[in-house]
1. Out of the residues in region B:106-144 that are of a type in the set (S, T, N, Q), in a helix (DSSP H, G or I) and more than 14 Å from chain A (Cβ to nearest Cβ), state the one that is surrounded by the most Cβ atoms within 10 Å (Cβ to Cβ).
2. If we only count helices (runs of 4 or more DSSP H) wholly inside region B:217-318, which ones have 3 or more residues that are within 16 Å of the ligand (Cβ to nearest atom)?
3. Would you mind finding the one in B:356, B:338 that is open to solvent by 40 Å² or more (accessible area, probe 1.4 Å) and either within 13 Å of the ligand (Cβ to nearest atom) or of a type outside the set (Asp, Glu) (or both)?
4. Can you find, within region B:39-82, the residue that is nearest to the ligand (Cβ to nearest atom) among those that are in a loop (DSSP other than H, G, I, E, B) and of a type in the set (A, V, I, L, M, F, W, C)?
5. So which of B:373, B:416, B:411 ends up being of a type outside the set (A, V, I, L, M, F, W, C) and over 19 Å from residue B:277 (Cβ atoms)?
6. Counting only residues that are open to solvent by less than 10 Å² (accessible area, probe 1.4 Å) and within 16 Å of the ligand (Cβ to nearest atom), which one in region B:378-406 is nearest to residue B:136 (Cα to Cα)?
7. Evaluate region B:180-194: report whether one residue or more is within 16 Å of the ligand (Cβ to nearest atom), within 20 Å of residue B:266 (Cα to Cα) and more than 14 Å from chain A (Cβ to nearest Cβ).
8. For residues in region B:14-58 being free of Cβ contacts under 8 Å to residues at least 40 places away in the same chain and under 14 Å from residue B:320 (Cβ atoms), which is surrounded by the most Cβ atoms within 10 Å (Cβ to Cβ)?
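The values are calculated or read from the model by the stated rules, or taken from the named source; none is laboratory data. Because the structure is a prediction, the values reported are computed rather than measured. In this analysis, Cβ positions are derived from the backbone assuming ideal geometry, glycine residues included, and neighbour counts consider all displayed protein chains. Just the protein is used for accessible areas: all its heavy atoms, side chains included, with ligands, DNA and RNA removed. Shrake-Rupley method; radii C 1.70, N 1.55, O 1.52, S 1.80 Å.
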Amino acid sequence: MAGGELMRVVIDQELCIGGGICEMLEPEMFELDNDVVISSVVGDGLLPRERAEEVADRCPGRAIALVQEEI
Amino acid sequence: MRSTVDMTPAATVETPNVTDPSLYLRGIPHGCFAQLRAIDGLAWHPYEDGGFWAVTHHADVRFVSRNPELFSSAIGHTNLWDLEADALEARRSLIDTDAPDHTRLRRLVAGAFTPKNIRLWEETVRAITIDLLDEFVSQGGGDWVDMVAAPLPIQVILTMLGVPVEDADYLVELSNYLVEGTGDAQSIPPDAFGNTTELRLLPFNSPASHALFEYGEGMRQHRQDDLQDDLVSHLVQAQSEDEQMSRSEYRNMFHLLVFAGNETTRTAISHGAMALAASPGEWQRVLDDRSMINSAAEEILRWATPIMHMRRTVTTDTELAGTSIAKGDKVVMWYASANRDETVFEDPFRFDVSRANSDHFAFGGGGPHLCLGAFLARLELTVLLEEMAKRSLCLEQTSEPVRARSNFVHGVLSVGMQPRTSP
Ligand code: HEM
């Protein structure tokens, strides 16, 4: 957790299966659209590395990529 | 645990049999699964005149679930036994399809089950729950399955589908017969419910499936001229106007929603009650701190593992967990084992309402077939726990559970419970 490194989460909407796990884990950051049933990131998409990795790992569609943030 | 086992190649190790349905009358054979997990790689498990690769580690279940191109749901069947081509076609539902059919069918229903849309059902779920709990308490308890675990989910899914609540008992009865079909004993004759279809063409080989198909067909005809704001109308519209689903796909979807929407959640509620009765201290922790309700619900799901496995079929020669597997091989993901994987869950045989790791596979290991109803099931469980907590309702188990004779559903047919208002 050195320095609370942040990662940016990015959703590949082609891969998203609309499982809603990201919204369950981080309701403020992800929003699953009710019509197309695809998730998107709301806001800056920044999470501490460990949490970002967990959220990406839990994604059933393997649709969440992590991008290193330069601070 | 792994180090205590010698490194004989996986395929020749004497593997314990985990498919005999009668084993499950005494509960999940966790000892056998622990033996399978202790084998490095995959274990070959004989079954009927062939066999399957037993996938018992959490990480491997995840890999199989999330790589549908390698592990097909449409070939063979998603249950242990293979179906003949005509039977598979007649019985094929969402669960037994691959993309693009899967994507098309799933899109038709997915919108109704998003977290946000499911939250709109909270008051309905709560009203049903309150009625059932009030009755349970005023009767001084009884069969928990009959009084709470079965009626709650079926009333909810039937309300969503638009089925009249008066028919709930009939559909619960049908669902019970379907569960028998997952074991090796059917208590009803092949011509029950006026069935004339060959049993092998019916889901779970059960004449009750014929009855459920007929019921779904009746609703379809009803809704065709009189569309309502319910799920069946939505499906009927997709089926007739937009031609997005065939008649056979419609009836199998209806069948799947009724069965999956009630049997599994009922099982979670039954095992949940048994776990809370067996660990009054854990329930007291929830009563003292209601913020634990979500983690308690997840722990109940892990503990219960209502669906104990799903099967896939290998599409190309490949490797899994260091084991070579061939095109056409069956792989069976044992969620019952992954949910007790000691490398993932600390002290996995402890029921812990504040467990931080909720990465259980009660709803499958992810991938496109991830349980459609997961947020609905979670809503039902959390509302039930909230309403029990509001009443400070504690449960005492008054009889041994009668378990389903099945290696597929971890069903409880009955279990006596009695209310107590303080632990
Ligand atoms: C505690 C309750 C429940 C459990 C444990 C459960 C478990 C599962 C599992 C293990 C799968 C297969 C996942 C896979 O193959 O990767 C599944 C699929 C499914 N479940 Fe559930 N389920 C529950 C509740 C529900 C409810 C309430 C519904 C309501 C409609 C539902 C509808 C479905 C459907 C339609 C599928 C097939 C999805 C697909 O193939 O795309 N389930 N469920």
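1. Top of the filtered list is B:129.
2. So the answer is B:231-240, B:247-278, B:293-304.
3. B:356
4. Selected residue: B:74.
5. Result of the check over B:373, B:416, B:411: B:373.
6. Checking each candidate, the answer is B:384.
7. Yes, that holds for at least one residue.
8. Among them, the one singled out is B:43.
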